[in-house]
Amino acid sequence: MTPTLRIAARLLEKPWLWAFAAAFFVWLATIVFTGGQGAAAVLTAALAFGTFSVIVGIGQMYVITLGPGNVDLSIPATMTFAGAASMKIMDTQDSMIFIGLLVALGVGVSVGIFNYALIRLLRIPPIIATLSSSFVFQSAAIAYGRGIKIKPPPVLAEFTTARIVGIPILAIFTVILAVIMAVVLHKTVYGRSVIAIGQNPRAAGFSGISVGFTRFATYVLSATLAGLCGFVLSGFSGGASLNMGAEFLLASIAVVVIGGTSVAGGFANIPGLWGAALFMFLLVTMLNTFGLGAGIRLIMTGLIIISVITLAGGKSTGR
Amino acid sequence: MSEADHSIVRLDGVEKHFGAVHALNTVDLVVTPGECLGLVGHNGAGKSTLMNVLAGTQIPDQGRIVIRGIDSTDGYTVATAKQHGIRCVFQELSLCPNLTVAENARVMHRALTGFGWRRRAAALILRDLDEIFPGHGIASQEIVGDLSIAKRQMVEIARAFSVTDAPADLVILDEPTSSLDAVVAQQLLTFVRRHVAAGGACVLISHLLGEVLSTADRIVVMRDGAVVEVRKASDFDRDSLVTAMGSVAKDGDGAGAAYASKRADGSPKVRARPAGQVEGPDLTAHAGEIVGLAGLAGHGQTDMLIQLHAARPSTRHTHVHGPVALVAGDRQTDGIFPLWSIAGNITIRSIRHLLRHALIDAAAEREMASQWQQRIGIRTPDMENNILSLSGGNQQKALFARALASDAEILLMDDPMRGVDVGTKQEVYRIIRDEAANGRTFIWYTTEMDELKHCDHVYVFRDGAIVADLTRREVTEEKLLHASFEAAE
Amino acid sequence: MIATLLTPRFLRNALPALSLTVLLLAIFYLQPRAMSYFGLNLLLNLALPIAFATIAQMCIITVNDLDLGVGAYVGLVAAIGATWLNETPLLGAAALLGCIAVYAALGALIHLRNLPSIVVTLGMSFVWLGLALLVLPTPGGKVPDWIRAIMTLKTPFLPFTIYAAIGVGVIVHFGLMRSSYGVVLRGAGGNPRSVSRAGWSLLRTKVTMFALAGFFGMLSGLSLIGLTTSADANIALRYTLLSIAGVILGGGEFVGGRISPIGAVIGAMTLTLAASFLSFLRLPPDWQIGAQGGILILVLAFRAVINRAEARR
């Protein structure tokens, strides 16, 4: 094998490759259809909107990597609550932005602690725990952010929508965040512990890994990132709205699955999240460009998720 | 062939391999109506595999299964076995814990359907419970999950003997009395005699030699996957049975070196007492010692190791001084991280010591992996290959390397040599001796007699308690078997 | 006598009914006028569709899976009910049968490929929603008169909803808890290996339970539009989470085939009442969902305490 071939072979093994390839082809199909018009604009939009799925997707990916039964259903409620709370505290004042960010992150940390407390104290599966807490926090968000939609401080709004040579600043920051989280995943004791627990929790315990603490930290991490996402999304979309988190329950899980992370746990990759987020947005754009309605778009999205999991996911039971 | 025609089941030259391990080695077996066949042998002798073949849950690699004189080898499954009246009570619970006693009977019997099936199911299971275990105190509407282990076992046994459309000609009982008290166990054995007298047949597997001697008509002794003796029960007594089960004494390569106590100086690294044990000796281990845990499988040795592992540094009955690492025996559930490379599997226990600027140092990881590849001889072209690319023996070496490469001063080993080839074993024994000489403490649960000869002290477990504490000088196969089998008989 | 009433098992089984009673009493105390035909009707109006959705979810949970798409599915049924079923009843009925067949196929796919049901049903939620938007792009449609007639039936003594809910609970109870094949279906959740060793097809059990889920999801959608008189693709998205909560509130366990159909119906009613309860407390309706979550946590906490007491015995 020549070195180039070997590099190509190595590349083909990368689980995130397919998400990027799919995103690229969908983008190509779109611009072929439009005759090259708006090719860059579509990419810019994809980067901007993909950012939010990636932020929550990172948290969800860490949780899912903990192994079967682990999933965070409280992400939408956390986003909404964090967005509403921070917008209200900042009250459109630029000087309060930092405080607002702290509030959003604080909301996330609290939700995470609450989630894990439920899991541990009530000994219930994480799905039920995060489901129940999502009810509570969704309500808290509604009650707290009632009434008029509070606008974000101008500087925050400007920052979240600003671009450098066509690239959204937010996307650049999220890429940096993704890189950091990838390093955490592969290069720190905590990240290794998450992956180890996802593969074999008993063996992890016998290998001196603190299973309880790792799970706790992971649920807090997921909720904190949801809080952060609620904060920037509120800035981006001109204020917190009560259903702004809704689509991110599905989106956060979808980007994890399409991005090549194993739903059975123990195997994760960050780049795939970006590939999947871009793909999901570009797919919708392509179907839009083709003049297809919302119905077809949703059906396609769903079928793609199922196909990906069927092809990549389970092992045959051999019966 | 009048004998063949007469038999319920005949196995001809059945073989079964798991990888390199011969679980069954050309086994012949006949079960005829009206007899109870006792099956004894030490751990790993092949009893359970043989029964799984009979019950249709495992397919033999070689040999014939003949049922009532008809060759049924091809396509022999659980359904075939059931149809021919062959039932099995497995060691692990195979009832549905969410269903009631009567409903569990229904799952077994397709014929229990239509109007009034609940009444019929309840009557069926109660009839058999009453017949086998008079005064059992189990109601047919109780949820199985709410029952004690003993009662579940009773339901399971009664279910195996219950008859609707298919007969129950041959019932295989694999350690049926392990969770029953003496009175209930005696009820079962008495019933087995009645069942047999009525023309049925039973295979009784038990580690309680007394009950096999008193209940069985014939006794089959297995050793190393082969049948070594078949005789009438009356021709055996305890001693001759124990002798038949033991393997031919082999001389370990210098393993039996003279015993010299390492306990003269210093305080013990480990002192512990099994959770359920009231009196009797504590387990003690000093620096540089290799301590063996012996006895039959599942008598509390693994629990002891888990207790030691969880007790860092100390709890009331468990004192552990120094870092601990565990070498798993059940590789798939307790040891391997199946998605990782060999190197990743080795370094995981030590990553805290491989940090540079708070990040895991890849170079140091590679270094550790390649160093241990050489020291322990893991046969692979590349330590970055997936762990599952290795043979079982080499996977086990990687798990040893994980523990040995760590800072652990005390190494717990949970029967780690299961299914490992002889060559690998010898290499690992050597490393264990070297490491012990360097001052590390080994606590080694093993089911293999030969391995106990490497130990300075051997603690024999029975029913979750330590029943004997032998020094290397005192360890003989016979002593161990007697200590292991001498239960409340 | 008291001693048997306080055993952990009895307490655990009585918990769903107990929570419903406490909630009902609290409502009657706060608003005595609710204790009337009209009051009950108003309180429990929406309980029936939620009860159907909860039963659908329970069927899936029985075989250790989870359906994250049931809400969207109910929306699709509602959309079909308010359009095709009204205009061309045959086409409508065929479409609904097709939906149930898809559910059955999902069960087969999940079993044969050993897939995580969460992800598959999540993907299906997109598909259901998309189909619903194709059938009914904007909210509206017209509900067939017969559905409307059934749902607004004036029954003696108690509102129709209560009779129907009790009926559903009892029928499913007989189907799953008392029938001989129901035992096998639940056994497949409790110990699949043992059930397959006894010669039953696990594929068949899974397909049956998924098809049943599709059937009860359909009833949920149809009963819902009977009350609302028009449909909307997004009408029932909340039902996914509500139905899971209902099963758990009703005493069902997440894995292991431990379910209770009557409990599930009670759980659904409890959730419906929890929403109404707040308005009687003069709390803002914002806390509706929060109250549902709060009750869920409370009941789970009670159950944890009971289980711990049992473990100590």
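The values are calculated or read from the model by the stated rules, or taken from the named source; none is laboratory data. What you are looking at is a predicted structure, and each value in this text was computed from that prediction instead of being measured. Every residue, glycine among them, receives a Cβ derived from its backbone with ideal geometry; neighbour counts consider all protein chains shown. Note: accessible area is taken over every heavy atom of the protein model, side chains too, but ligands, DNA and RNA are not part of it. Shrake-Rupley method; radii C 1.70, N 1.55, O 1.52, S 1.80 Å.
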Handout entry: Failed criterion for B:Met222 (all others in (1) surrounded by 17 or more Cβ atoms within 10 Å (Cβ to Cβ); (2) on the phi > 0 side of the Ramachandran plot hold)
Key = (2)
Exercise for the section: Check the range C:270-291 and report whether any residue there is closer than 23 Å to C:Met177 by Cβ and crowded, with 24+ Cβ neighbours inside 10 Å. Expected result: yes
Practice task
Identify all residues within the range A:210-247 that are among the aromatic types (Phe, Trp, Tyr) and either more than 18 Å from A:Ile119 (Cβ to Cβ) or in contact with a Lys or Arg (Cβ under 6 Å, 6 or more places away or on another chain) (or both); write none if there are none.
Solution key: A:Phe231, A:Phe236
Problem - B:Tyr429 vs. criteria of a type in the set (Phe, Trp, Tyr) and open to solvent by 10 Å² or more (accessible area, probe 1.4 Å) - result: yes
Practice task
Restricting attention to helices (runs of 4 or more DSSP H) lying wholly within the range A:148-204, give those where 3 or more residues are surrounded by 19 or more Cβ atoms within 10 Å (Cβ to Cβ) and facing chain B (nearest Cβ under 10 Å).
Solution key: A:189-199
Fill in the blank from the handout: Filtering the range A:206-243 down to residues that are free of Cβ contacts under 8 Å to residues at least 40 places away in the same chain and open to solvent by 20 Å² or more (accessible area, probe 1.4 Å) yields A:Phe206, A:Gly208, A:Ser210, A:Val211, A:Phe213, A:Ala217, A:Ser237
Practice task
Could you check A:Ala268 against (1) closer than 24 Å to C:His111 by Cβ; (2) open to solvent by less than 30 Å² (accessible area, probe 1.4 Å) and say which number it fails?
Solution key: (1)
Handout entry: Positions within the range B:447-486 being in contact with a Phe, Trp or Tyr (Cβ under 6 Å, 6 or more places away or on another chain) and either of a type in the set (Asp, Glu) or open to solvent by less than 10 Å² (accessible area, probe 1.4 Å) (or both), in sequence order
Key = B:Ile466, B:Asp469
Practice task
Consider B:Phe133 carefully, then state whether it is hydrophobic (A, V, I, L, M, F, W, C) and either out of contact with any helix residue (DSSP H, G or I) (no Cβ under 8 Å at 6 or more places or on another chain) or closer than 24 Å to C:Gly251 by Cβ (or both).
Solution key: no
Fill in the blank from the handout: Residue hits (the range B:302-328; within 11 Å of chain A (Cβ to nearest Cβ) and either touching a residue at least 24 places away in the same chain (Cβ under 8 Å) or among the hydroxyl-bearing types (Ser, Thr, Tyr) (or both)) are B:Leu305, B:His309, B:Pro323, B:Val324, B:Ala325, B:Leu326, B:Val327, B:Ala328
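Mind checking whether some residue in the range A:137-145 is without any contact (Cβ under 8 Å) to a residue 40 or more places away in the chain and buried (at least 24 other Cβ atoms within 10 Å of the Cβ)?
Yes, the conditions are met somewhere in the range A:137-145.
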Problem - Residue match in the range C:302-309 (condition: modelled with pLDDT under 85, more than 9 Å from chain A (Cβ to nearest Cβ) and either part of a loop (DSSP other than H, G, I, E, B) or open to solvent by 30 Å² or more (accessible area, probe 1.4 Å) (or both)) - result: yes
Exercise for the section: Output the helices (runs of 4 or more DSSP H) that fall wholly within the range A:1-85 and possess 2 or more residues being in contact (Cβ under 8 Å) with a residue 12 or more places away in the chain, or say none. Expected result: A:17-34, A:39-65
Practice task
Please specify each residue of the range A:104-120 satisfying the condition of being at pLDDT 95 or above and open to solvent by 40 Å² or more (accessible area, probe 1.4 Å).
Solution key: A:Leu105, A:Val109, A:Ser110, A:Ile113, A:Phe114
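Take the conditions open to solvent by 10 Å² or more (accessible area, probe 1.4 Å), more than 7 Å from every other protein chain (Cβ to nearest Cβ) and in a loop (DSSP other than H, G, I, E, B) and apply them to A:Ser262. Does it pass?
Spelling it out, A:Ser262 is indeed open to solvent by 10 Å² or more (accessible area, probe 1.4 Å), more than 7 Å from every other protein chain (Cβ to nearest Cβ) and in a loop (DSSP other than H, G, I, E, B).
Only one of C:Leu48, C:Leu66, C:Leu76 is within 13 Å of the chain's Cα centre (by Cα), more than 15 Å from C:Ala211 (Cβ to Cβ), within 13 Å of chain A (Cβ to nearest Cβ) and open to solvent by less than 10 Å² (accessible area, probe 1.4 Å); which?
On the way: C:Leu48 fails: within 13 Å of chain A (Cβ to nearest Cβ); C:Leu76 fails: within 13 Å of the chain's Cα centre (by Cα).
One residue alone meets the criteria, C:Leu66.
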Practice task
Would you mind stating whether B:Arg64 is open to solvent by 10 Å² or more (accessible area, probe 1.4 Å) and at positive phi?
Solution key: no
Exercise for the section: Filter the range B:153-164 down to residues that are in a helix (DSSP H, G or I) and not aliphatic (A, V, I, L, M) and give me whichever is nearest to B:Trp117 (Cα to Cα). Expected result: B:Arg159
Practice task
Could you please let me know if B:Arg349 is in contact with a helix residue (DSSP H, G or I) (Cβ under 8 Å, 6 or more places away or on another chain), open to solvent by less than 40 Å² (accessible area, probe 1.4 Å) and in contact (Cβ under 8 Å) with a residue 60 or more places away in the chain?
Solution key: no
Fill in the blank from the handout: Being under 14 Å from C:Pro49 (Cβ atoms), away from chain B (no Cβ under 14 Å) and assigned to a helix (DSSP H, G or I) narrows C:Ser220, C:Ser276 down to just C:Ser220
Handout entry: Pair list, Cβ under 6 Å, 6 or more apart: the range C:134-157 residue within 14 Å of chain A (Cβ to nearest Cβ) and free of Cβ contacts under 8 Å to residues at least 40 places away in the same chain, other residue buried (at least 16 other Cβ atoms within 10 Å of the Cβ) and not in a loop (DSSP other than H, G, I, E, B)
Key = C:Leu134/A:Gly295
Completion exercise
Restricted to the range B:95-152 and to residues being in contact with a Phe, Trp or Tyr (Cβ under 9 Å, 6 or more places away or on another chain), within 8 Å of another protein chain (Cβ to nearest Cβ) and assigned to a loop (DSSP other than H, G, I, E, B), the residue nearest to B:Arg193 (Cα to Cα) is B:Arg110
Fill in the blank from the handout: Among the residues of the range C:223-257, the number that are closer than 26 Å to C:Arg186 by Cβ, among the hydrophobic types (A, V, I, L, M, F, W, C) and away from chain B (no Cβ under 14 Å) is 7
Exercise for the section: Sort out which residues of the range B:181-194 are without any contact (Cβ under 8 Å) to a residue 40 or more places away in the chain, open to solvent by 20 Å² or more (accessible area, probe 1.4 Å) and either among the β-branched types (Val, Ile, Thr) or under 19 Å from B:Cys88 (Cα atoms) (or both), and write them in order of number. Expected result: B:Val183, B:Thr190, B:Arg194
Completion exercise
Residue hits (the range B:23-71; free of Cβ contacts under 8 Å to residues at least 40 places away in the same chain, more than 23 Å from B:Leu209 (Cβ to Cβ) and touching a strand residue (DSSP E or B) at 6+ places or on another chain (Cβ under 7 Å)) are B:Asp71
Fill in the blank from the handout: Inside the range C:142-188, the number of residues satisfying the requirement of being surrounded by fewer than 17 Cβ atoms within 10 Å (Cβ to Cβ), assigned to a loop (DSSP other than H, G, I, E, B) and touching a helix residue (DSSP H, G or I) at 6+ places or on another chain (Cβ under 8 Å) is 7
Handout entry: Selection from the range C:189-217 of residues that are surrounded by fewer than 19 Cβ atoms within 10 Å (Cβ to Cβ) and among the polar types (S, T, N, Q)
Key = C:Ser196, C:Ser201
